[in-house]
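The values are calculated or read from the model by the stated rules, or taken from the named source; none is laboratory data. This structure is a prediction, so every number in the text was calculated from the model and none was measured. Heads up, the Cβs are rebuilt from the backbone with ideal geometry, glycines too, and the neighbour counts pull from every protein chain shown. These area figures cover heavy atoms from the full protein model, side chains too; ligands, DNA and RNA do not enter into them. Shrake-Rupley method; radii C 1.70, N 1.55, O 1.52, S 1.80 Å.
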Number of protein chains: 4
Amino acid sequence: MPSVSDTRGYSATKDQLKKRLARVEGQVRGVAKMVEEDRYCIDVLTQISAVQAALDKVALGVLADHADHCIVHGHGTKTPEENSQELVAAIARLMRRG
Amino acid sequence: MPSVSDTRGYSATKDQLKKRLARVEGQVRGVAKMVEEDRYCIDVLTQISAVQAALDKVALGVLADHADHCIVHGHGTKTPEENSQELVAAIARLMRRG
Amino acid sequence: MPSVSDTRGYSATKDQLKKRLARVEGQVRGVAKMVEEDRYCIDVLTQISAVQAALDKVALGVLADHADHCIVHGHGTKTPEENSQELVAAIARLMRRG
Amino acid sequence: MPSVSDTRGYSATKDQLKKRLARVEGQVRGVAKMVEEDRYCIDVLTQISAVQAALDKVALGVLADHADHCIVHGHGTKTPEENSQELVAAIARLMRRG
């Protein structure tokens, strides 16, 4: 699906994340156009699912690429336990979307 | 969370959907800016979750407001069974995001 | 993945739903056993994802097979609008899981 | 919702996880009974969502409580990068459910 190379699984460089987000922005504009044009609602829903999948990919790229800071070290001022709780809370929000 | 009135649960007018999508577009740009500025990745993930929640709300608004066409009648050229299968497939994609 | 035939997409007979749920029950017991045996947590998480996928399939089967009552008619004592709102609320809970 | 104390956010002891999973098992049996009794499908879907939410809570408990092994160290025989990729893949499966 993505045009970027995925040799390391979910990981993505900063440039790749920015490109994906620019594409997501275009997709959201596309959904707005579909709503404006009263397009068939199943097609609108399908397109929204595609945007969600693209955003999930960005989220996993952020997690994967920044694992060193994000997962292992976290904020320098926090205890390992705080970092871990914070990460799990972020994953919980991703799973339940908000 | 949304500024629009929610008197009928998830339903939304076309104008409300377009306003929400414009807001989502701004949120996506905000995520791109956070990536650009190397913001703390937990904060990026939290913001992505907020975008996903907003998109879920749009999807449910599309479903709710267009229930008459979307859920009950579907495409005029399809059988009720085809319409129902198509809707369930769309819901499956929303649940699994893509 | 499922051994049942899937000729009509997501739909499932009552017997198929019951078989799937019996299998899900076994899977949940399997997860409990993994926790009891202190199995590697990534493997526990993978198994939980498999249970969630199986439950999603049951939910979509319920939606698809009972479309006539669930989607089109709903409870006889409710207005079409109430039925539609009720369905969208149920889909929202499935998307956010609870 | 859960009767267990949640003083440390998502974390759970092994005993708490096993209790939650026993409850989930009972909930799955309850869904099977609802299907058997031809209960109103919206109610079946609501109950399935409750099971999904309970399983998510177990997954987050596994992640949180075993953070030390799961997140920071992983399998001793793997490189930190492999551990990180493995964790992100597991989170991806939780987000997309399977």
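A compact table of results
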{"quantity": "In the stretch B:40-54, the residues that are open to solvent by less than 30 Å² (accessible area, probe 1.4 Å) and either modelled with pLDDT under 95 or facing chain A (nearest Cβ under 7 Å) (or both)", "calculated": "B:Cys41, B:Ile42, B:Val44, B:Leu45, B:Ile48, B:Ser49, B:Val51, B:Gln52, B:Ala53"}
{"quantity": "Single condition A:Gly98 does not satisfy, out of (1) at the interface with chain B (Cβ under 7 Å from one of its Cβ atoms); (2) open to solvent by less than 70 Å² (accessible area, probe 1.4 Å); (3) within 18 Å of B:Ile42 (Cα to Cα); (4) at pLDDT 75 or above", "calculated": "(4)"}
{"quantity": "Members of the stretch D:29-39 that are facing chain C (nearest Cβ under 7 Å) and open to solvent by 30 Å² or more (accessible area, probe 1.4 Å)", "calculated": "D:Arg29, D:Glu36"}
{"quantity": "Close pairs from the stretch A:24-38: first in a helix (DSSP H, G or I), partner of a type in the set (Gly, Ala, Ser) and open to solvent by 30 Å² or more (accessible area, probe 1.4 Å), Cβ under 8 Å, at least 6 apart", "calculated": "A:Gln27/A:Ala50; A:Ala32/B:Ala22"}
{"quantity": "Residue satisfying all of: in the stretch A:55-71; at the interface with chain B (Cβ under 7 Å from one of its Cβ atoms) and either in contact with a Gly (Cβ under 9 Å, 6 or more places away or on another chain) or not in a helix (DSSP H, G or I) (or both); modelled with the lowest pLDDT among these", "calculated": "A:His66"}
